[in-house]
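Derivation of every value follows stated rules applied to the coordinates shown; laboratory data play no part. Bear in mind that the values here come from a model prediction, so they are computed numbers and not experimental data. Positions of Cβ are backbone-derived with ideal geometry, glycine not excepted, and every protein chain shown enters the neighbour counts.
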Amino acid sequence: MARAACPESCPCRHHIRRLAVFLVIANGMAACYSLLQGARCLMSILTGGVLISRPMAWAIFSCDQAMAYFTISAVAVAMEAAMIGKYGNTQFQWMKTCHLYKRFCAQAGGAVACAVAASLNMVGISLVSAFNLFRLYGSGKGGK
């Protein structure tokens, strides 16, 4: 029978759980936002409409930036918890836990790696939306 990933006696259990919940919520919000953006893009493809409106482009750009920063902050928090679990922190008297709970640390490392990939994708998406926004202001299209 498999052993639990982080048993009740784990000293880091409650601290790590809060950070993991934050990571899951942040990635869930980014996934929902991406799903809504995908539906918007699909509707514009099906109707033949193209995004020309500057206010809409600013709204999309702002939301993309917010989601990118939100996922990056969630990754930073999760990575900090993972590093404390792996190396400990003597100043706060937090001991290393990865040598005790190897399976938990392996799963947490996989989760952090997936979150890093998701946040890099969000950064890429925000770069594309920035390009689409500032393209509306180039080549004589902007009002003076």
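So if we plug the beta-carbon distance of A39 and R103 into 1/(1 + (r/R0)^6) with R0 = 35 Å, what FRET efficiency do we get, rounded to 0.05? Numbers along the way, then the final one.
On the way: r = 38 Å, r/R0 = 1.08.
Calculated transfer efficiency: 0.40.
Ignoring solvent entirely, what values of log10 I(q)/I(0) come out of the Debye formula for the range 14-135 at 0.10, 0.15, 0.16, 0.17 Å⁻¹ when each Cα is a single scatterer?
For the requested q values the scattering log ratios are -0.42, -0.73, -0.79, -0.85.
I'd like the Karplus ³J(HN,Hα) series for the range 104-117: coefficients 6.51, -1.76, 1.60, θ = phi - 60°, whole numbers in Hz, and an x wherever there's a Gly or Pro.
4, 5, 5, 5, 5, x, x, 5, 5, 5, 5, 5, 5, 4
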